[in-house]
Number of protein chains: 2
Amino acid sequence: MQSDHFDIVIQGGTLLTMSAKMEIIEDAVVGIKDGRIALVDKNRNLPAPKIIDADGCLVLPGLINTHTHLPMVCFRGMADDLPLMDWLTKHIFPAEARFVNKKMVYDGSMLAMAEMILSGTTTFCDGYFFENQIAEAVQACGMRAVVSQGFADFATPDNPKFEKMMAAAERFVARWQSCAPMITPAFFCHSPYTCSPQTLVNVKAAAREAGILYLTHLLENKDEIDTIEKRYGKKPVWHLFDLGVLDHQTIAVHCNWLGPEDIAIFADLGVRVSHNPASSMKLAAGVAPVPQMLERGIAVGLGTDGSASNNALDMFREMDTAAKIHKVTMLDPTAMNAQTVLCMATIGGARVLGLDNLIGSIEAGKQADIIVVDMNQPHLTPIYNPYSQLVYAARGADVKTSIINGKIIMEERRLQTIDLTQTMDNVRKIVSHITAEIISDTGRSLPFPVPLSG
Amino acid sequence: MQSDHFDIVIQGGTLLTMSAKMEIIEDAVVGIKDGRIALVDKNRNLPAPKIIDADGCLVLPGLINTHTHLPMVCFRGMADDLPLMDWLTKHIFPAEARFVNKKMVYDGSMLAMAEMILSGTTTFCDGYFFENQIAEAVQACGMRAVVSQGFADFATPDNPKFEKMMAAAERFVARWQSCAPMITPAFFCHSPYTCSPQTLVNVKAAAREAGILYLTHLLENKDEIDTIEKRYGKKPVWHLFDLGVLDHQTIAVHCNWLGPEDIAIFADLGVRVSHNPASSMKLAAGVAPVPQMLERGIAVGLGTDGSASNNALDMFREMDTAAKIHKVTMLDPTAMNAQTVLCMATIGGARVLGLDNLIGSIEAGKQADIIVVDMNQPHLTPIYNPYSQLVYAARGADVKTSIINGKIIMEERRLQTIDLTQTMDNVRKIVSHITAEIISDTGRSLPFPVPLSG
């Protein structure tokens with residue numbers, strides 16, 4: 001075999017393929033050519049211009065974060081531990097109205113991507129304002145992303161005249177559909193309580209016409225059931241069902257209060273779900289019935305949500321949380337196992353995003369989105385079960401090297417496509433402005449003192 | 001001021017004192033002399049033979065882990081996601097009976113301490129077999145610890161003749177009481193369901209005579225209520241109350257099913273609590289009513305529990321979990337705030353262990369147990385609120401330098417008192433023996449395949 005057969009070879013270590021057979025290969029070798037996985041084998045040395053030594057490491061598909069609002073890193077820790085409506089209406093919404101602009105979105109996204117790459121994420125699905133800037137940042141740093149143009153029936157920072165949203169959205173799709181498979185445009189209706197039936201239906205029609213995904217926050221909080229019932233005389237899932245917007249190209253985000261009847265509808269229609277356990281715990285929103293969804297064959301992926309409500313974009317932490325919260329909620333330690341959680345964070349997430357033909361497992365022919373996790377560390381010793389170790393003991397900082405679409409994006413913890421110092425400085429400048437404004441308004445310095453709990 | 005006034009000076013950064021006033025000092029300086037904090041001030045340069053530059057860092061008291069079983073690192077990931085009784089009776093108890101010995105305890109403890117130091121813990125409270133070996137390992141690596149001799153009414157690996165336990169325990173106390181304030185001996189009755197009333201009473205009497213702490217697992221699982229009611233005709237806390245073993249020198253570990261009446265008893269008697277949220281989530285044991293305990297003024301500290309049931313000894317992860325689990329359980333985002341959680345992990349833990357006159361805050365006169373956390377990282381940018389950032393965004397790997405009793409135990413992520421490669425190798429050898437025995441018994445290779453959940 002000639003050395004020009006591969007651009008990069010990952011040599012050694014234990015490979016978790018996350019294929020349908022969940023094959024685990026010891027002393028593995030992965031050959032990468034032209035952005036794709038060209039060969040998966042074991043016990044052999046392959047020549048290549050670039051060899052990555054994975055001895056003592058686990059090699060696995062890059063993690064897929066199915067729900068983010070990247071620029072919210074600029075609000076990370078600004079207003080925590082507050083009643084939900086105070087948090088939203090007194091802090092987050094006003095801050096967004098005032099401080100969100102193209103530069104904040106671009107700079108914040110770059111910082112969020114630095115954090116995500118350094119913790120093993122290779123693909124994410126985002127929804128926010130100025131999504132064009134987010135897609136440009138994605139291009140600059142070489143990640144893979146679904147970028148969703150947002151819709152709500154009120155003026156937003158990027159669409160002061162919301163009647164013109166649809167035209168802007170169509171331009172957005174046209175611009176980014178040509179950047180497949182690195183960038184996939186989608187539409188995001190904020191929620192059934194902030195979007196009218198007409199908006200929900202119109203946006204779904206446009207999404208169907210463009211052949212793209214349609215997302216909505218759904219049943220994050222219990223209150224939403226009352227709100228929708230009062231307004232439309234039915235429960236949220238029936239409301240969406242009757243509007244005809246639920247199908248296999250629809251992703252419902254959160255779903256903490258999905259009932260058995262809702263789950264049956266989702267299973268029948270192939271609706272997909274993004275599960276964000278840490279954010280929903282921090283906001284005291286609820287716990288999604290994920291074991292029940294998986295039992296019905298619903299595609300479920302993991303997500304971190306934005307940095308204002310988590311506050312980390314580390315999918316390793318999210319996996320640990322996902323594995324544990326269902327056990328304690330159901331008082332059943334078998335409710336969710338480590339292997340299932342790693343599936344949700346890889347091939348499951350790919351299925352949710354409709355990208356499972358391209359990514360989510362390490363198999364010849366797929367795009368090369370691969371991470372190498374350094375297991376030669378005290379907190380990862382010993383290893384009885386690699387799935388357990390990744391989910392319950394590893395953390396984002398253990399990811400050593402990351403490859404996206406066959407390109408090395410991080411090597412030995414050094415980012416290859418992002419100037420980290422500059423990126424952090426950019427956000428600090430934005431935030432020092434935000435902080436100065438808050439202090440000038442309130443006459444109080446940060447952090448605002450919070451009484452101890454209890 | 002002469003340079004021999006201090007052995008070490010920590011210069012710059014933001015100091016979270018965790019004192020009663022919760023003072024935060026910008027551009028702080030901490031002078032350390034003879035193991036103690038000699039000076040806390042700001043905006044000045046002090047000479048010393050060793051200067052630690054904390055610019056861009058948070059400086060805070062070392063974290064206190066109030067519940068561990070260190071040698072269980074050797075079983076980390078061996079048997080996860082199983083029904084609780086299968087886990088205990090088919091995996092953990094047999095493995096302990098077969099593989100626990102002095103060498104396993106010493107080597108396992110060294111690995112656990114490496115992990116703990118690297119993630120910011122400076123003091124822990126342990127209970128296991130062969131606790132003498134654990135105390136020796138503590139001395140070797142320079143951590144601070146409460147080491148608890150265990151009691152149960154059955155033969156244990158270190159006490160095949162359990163009638164002789166008390167004599168051994170008295171020798172244990174005599175040996176280690178002279179090593180204060182680095183090592184504090186204590187007694188640990190495993191639980192009200194594994195210790196007879198006589199054992200509970202006798203051990204408490206001996207603890208009172210020696211003036212030492214008395215610990216017990218309590219109400220970890222709901223079943224314990226039934227078990228104790230059937231056996232003794234009363235609920236577990238009343239059972240212990242009637243035996244007279246509850247007082248301010250008693251630490252109850254877990255307390256997931258503590259009721260309002262139990263909380264009132266604990267508050268009246270000054271009983272202290274170790275809260276282990278991640279372990280209790282993973283074992284599907286329950287969620288302790290910690291906000292209610294704090295409201296009644298009960299001293300509550302955080303703990304990780306052993307590595308077989310968590311599986312990490314990282315107190316940063318534990319803080320994040322503790323802050324979030326009470327919010328979602330009570331559906332109230334104000335149920336537990338970041339500042340309160342950091343208190344539980346520092347001064348609160350010190351109170352639980354009866355060491356709050358020595359450690360738990362950074363104040364002149366206290367022993368110098370201090371960690372320096374590197375905040376110049378993408379996932380910790382920006383900083384609005386240092387408490388939020390530490391609890392919700394930081395992780396163990398962000399701890400840069402650790403000082404215990406005035407000695408630098410870790411500097412720039414390098415351990416100063418533990419040979420990490422040797423320590424990991426020692427545990428790997430032990431585990432390859434365990435694995436070989438398991439495979440030889442079962443004829444199956446590890447990891448045992450687990451069906452996907454759902």
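No value in this document is a laboratory result; all are computed from the given coordinates. Nothing here was measured: the structure is a model prediction, and the numbers come from that model. Ideal geometry is used to build each Cβ from the backbone, glycine not excepted, and the neighbour counts take in all protein chains shown.
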Exercise. For chain A, what is the relative contact order in percent, using Cα pairs closer than 8 Å and at least 6 residues apart in sequence?
Worked result: 20 percent
Exercise. How far is A:Arg36 from itself in the other copies, in nm, if each label sits 7 Å out from Cα along the Cα-Cβ line, shortest first?
Worked result: 7.2
Exercise. Measuring from label point to label point, each 7 Å out along Cα→Cβ, what is the A:Asn43 to A:Asn376 span in nm?
Worked result: 2.4 nm
For this session: Mind pulling the angle between the C-alpha long axis of helix B:131-141 and the longest principal axis of chain B? Nearest 10 degrees, somewhere in 0 to 90.
Result: 20 degrees
For this session: Compute the long axis of helix B:315-330 from its Cα atoms, compare it with the longest principal axis of the Cα atoms of chain B, and write down the angle in degrees, 0 to 90, nearest 10.
Result: 70 degrees
For this session: Take B:Glu295, project a point 7 Å from its Cα along the Cβ direction, then tell me which residues of the stretch B:331-367 have their backbone nitrogen under 18 Å from it.
Result: B:331-338, B:340-341
Problem set entry | Inter-copy separations for B:His433, label at 7 Å along Cα-Cβ, nm, ascending | 6.4
Problem set entry | Nearest-to-axis residue of chain B, judged by beta-carbon position, where the axis maps B onto A, in Å | B:Ala397, 2
Exercise. In whole Hz, what ³J(HN,Hα) sequence does the stretch B:423-435 give by Karplus (6.51, -1.76, 1.60; θ = phi - 60°), x for Gly and Pro?
Worked result: 5, 5, 4, 4, 6, 4, 5, 4, 6, 5, 5, 4, 4
Exercise. Using 0.36 nm per residue, how much length does the chain from A:Ser196 to A:Arg36 gain when fully extended, once their Cα-Cα distance is taken away?
Worked result: 53.3 nm
Problem set entry | Projected label distance in nm at A:Ser440 and B:Asp242, using a 7 Å step from Cα toward the beta-carbon | 6.9 nm
Exercise. Counting other C-beta atoms within 10 Å, which of A:Lys161, B:Lys222 has the fewest, and how do the rest follow?
Worked result: A:Lys161, B:Lys222
For this session: Sort shortest first the distances from A:Gln177 to its counterpart in every other copy, using label points 7 Å along the Cα-to-beta-carbon line, and give them in nm.
Result: 8.1
For this session: Please list, in chain and number order, the residues 5+ apart from B:Lys33 or on another chain whose amide H is under 5 Å from its amide H, with Hs placed from the backbone.
Result: B:Asp7, B:Ala38
For this session: For every other residue with a beta carbon closer than 11 angstrom to the beta carbon of A:Cys57, add +1 if it is Lys or Arg and -1 if Asp or Glu, then tell me the sum.
Result: -3
Problem set entry | Beta bridges by DSSP in the protein assembly as shown, antiparallel share as percent, to the nearest 5 | 45 percent
Seminar exercise, completed: For B:His275, A:His69, ascending order of other Cβ atoms within 10 Å (fewest first) is A:His69, B:His275
Seminar exercise, completed: With 0.36 nm assigned to each residue of separation and the Cα-Cα distance removed, B:Ala174 to B:Asp55 gains 38.4 nm
Exercise. Of the beta bridges DSSP finds with both residues in the stretch B:63-352, what % are antiparallel, to the nearest 5?
Worked result: 5 percent
Exercise. Where Lys and Arg each count +1 and Asp and Glu each count -1, what net charge lies around A:Val427 among other residues with Cβ under 10 Å from its Cβ?
Worked result: +1
For this session: Please give the FRET efficiency for B:Asn357 paired with A:Met85, using the beta carbon to beta carbon distance and R0 = 51 Å, rounded to the nearest 0.05.
Result: 0.75
Exercise. At A:Lys407 and A:Glu23, where each label point lies 7 Å from the Cα along Cα→Cβ, what is the point-to-point distance in nanometres?
Worked result: 2.9 nm
Exercise. What list of ³J(HN,Hα) values in whole Hz, one per residue of the stretch B:37-51 in order, does the Karplus curve 6.51 cos²θ - 1.76 cosθ + 1.60 (θ = phi - 60°) give from phi, with Gly and Pro shown as x?
Worked result: 7, 9, 7, 10, 8, 9, 6, 8, 9, 10, x, 6, x, 10, 10
Exercise. Can you list residues whose amide H is under 5 Å from A:Lys400's amide H, if they're 5+ apart or on another chain and H is modeled 1.01 Å from N?
Worked result: A:Val372, A:Val373, A:Asp374
Exercise. What is the helix-to-structure angle for A:223-232, meaning the angle in degrees between its Cα long axis and the longest Cα principal axis of chain A, kept from 0 to 90 and rounded to the nearest 10?
Worked result: 60 degrees
Exercise. For the stretch B:104-113, what does the Karplus curve 6.51 cos²θ - 1.76 cosθ + 1.60, with θ = phi - 60°, yield as ³J(HN,Hα) per residue in whole Hz, taken in order and with x for Gly and Pro?
Worked result: 4, 5, 5, 5, x, 5, 4, 5, 4, 5
Problem set entry | Expected 222 nm ellipticity per residue - DSSP helices of 4 or more, -39500 (n - 2.57), all of chain A, to 500 | -10000 deg cm²/dmol
Exercise. Under a Cβ-Cβ cut-off of 10 Å, what is the net charge of the residues other than A:Met344 that fall near it, where Lys and Arg count +1 and Asp and Glu count -1?
Worked result: 0
